[in-house]
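All remarks here apply to the structure that follows.
The values are calculated or read from the model by the stated rules, or taken from the named source; none is laboratory data. A quick note: this is a predicted structure, and the numbers were derived from the prediction, not measured. Reconstructed Cβ throughout: ideal geometry from the backbone, glycine too, with neighbour counts over all protein chains shown. Accessible surface is based on the protein model in full, side chains and every heavy atom, while ligands, DNA and RNA are left aside. Shrake-Rupley method; radii C 1.70, N 1.55, O 1.52, S 1.80 Å.
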Amino acid sequence: MALSEQFVDEGDIHPIDLVEHIAEHHDWEFDRIADDQIAMSVVGQWRTYALTLAWSAYDETLRLICTFEMEPPEARIPALYEVLNHANDLCWAGGFTWWNEQKLMVYRYGLVMAGGQVASPEQIDTMINAAVMCCERFYPAIQLVTWADRTPTDAIKVAIAEAYGRA
């Protein structure tokens with residue numbers, strides 16, 4: 001059954017209610033932090049990602065933040081920023097940033113639903129999966145730059161082509 005089939009004719013659904021439904025559907029661990037915020041864990045190939053989605057009624061935006069912990073050597077931080085610039089050039093939606101104080105790699109995306117628009121469950125599910133896939137795609141390049149002393153230009157070549165399917 002499609003995700004949206006369960007929400008037909010139920011009126012205006014809060015975006016975080018949809019996210020909670022999606023997390024239950026995928027059997028992801030989640031915690032409804034507040035009416036407007038949910039946190040969850042999604043297991044990827046390289047690691048488990050922490051996702052937080054928050055709804056801002058003020059600017060009508062569903063904000064997604066996907067993080068994973070890192071402790072790169074201080075000397076590799078400039079190279080880390082350079083590989084993130086390369087990665088962001090290759091991202092269609094969203095982008096990476098490094099939160100040094102929290103030691104977190106962050107992928108962020110904001111879905112603007114101005115004018116009272118309502119996101120479908122499939123749209124939100126795609127947004128979450130796209131964030132995880134983007135982190136999975138660039139994780140090896142980030143690791144090569146921070147731990148294998150590869151140049152950002154060389155490391156990003158690992159992520160140039162998207163892989164489809166599984167071997």
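If you place +1 on the Cβ of every Lys and Arg, -1 on the Cβ of every Asp and Glu, and leave all else neutral, what size is the dipole of region 1-150 about its Cα centre, to the nearest 20 Debye? Present the calculation step by step, with values, prior to reporting the outcome.
Details: 8 positive and 24 negative charges, 169 e Å.
So the magnitude is around 820 debye.
Among the trypsin sites (Lys or Arg not before Pro) found in region 66-167, those both in a DSSP coil and sparsely packed, with 16 or fewer other Cβ atoms within 10 Å of their Cβ, are Lys103, Arg166. Extension gain, Ala148 to Ile77, is 24.2 nm, computed as 0.36 nm per intervening residue step minus the present C-alpha separation.
Run through region 99-153 and list the chymotrypsin sites (Phe, Trp or Tyr not before Pro) located in a DSSP loop whose Cβ has at most 15 other Cβ atoms within 10 Å. Walk me through the intermediate numbers first.
Details: sites: Trp99, Tyr107, Tyr109, Phe138, Trp147; in loops: none.
Filter output for region 99-153: empty list.
For Leu104, the accessible area of its heavy atoms, probed at 1.4 Å with every protein chain present, is near 30 square angstrom. One decimal place: the segment Glu69-Asp35 gains 9.6 nm when fully extended, by the rule 0.36 nm per residue minus the C-alpha distance. Note on Ile13 and Lys103: with the Förster distance fixed at 45 Å, the Cβ-Cβ geometry gives a FRET efficiency of about 0.80.
Given a 1.4 angstrom probe, what's the average accessible area per residue across the chain, in square angstrom?
Working: 9570 Å² over 167 residues.
Dividing the accessible area of the chain by its residue count gives 57 Å².
Of the GluC sites (Glu not before Pro) found in region 19-62, the ones in coil according to DSSP and having at most 16 other Cβ atoms within 10 Å of their Cβ are Glu60. Taking the accessible area of region 1-145, probe 1.4 Å, and keeping the other protein chains in place, the carbon and sulfur fraction comes to 49%.
Can you give the translational diffusion coefficient of the chain in µm²/s, computed by Stokes-Einstein from the Kirkwood radius over Cα pairs at 4 °C and 1.567 mPa s?
Numbers: Rh = 17.0 Å.
Roughly 76 µm²/s, to the nearest whole number.
Projecting the Cα atoms of Trp55, Thr126, Gly95 onto the charge dipole of the chain, computed from C-beta unit charges around the Cα centre, puts Gly95 farthest toward the positive end.
Computed from the C-beta positions of Glu24 and Ser120, the FRET efficiency with R₀ = 25 Å rounds to 0.90.
Between Asn129 and Ser56, what FRET efficiency follows from the Cβ-Cβ distance if R0 is 22 Å, with the result rounded to 0.05? Efficiency, rounded to the nearest 0.05: 0.50.
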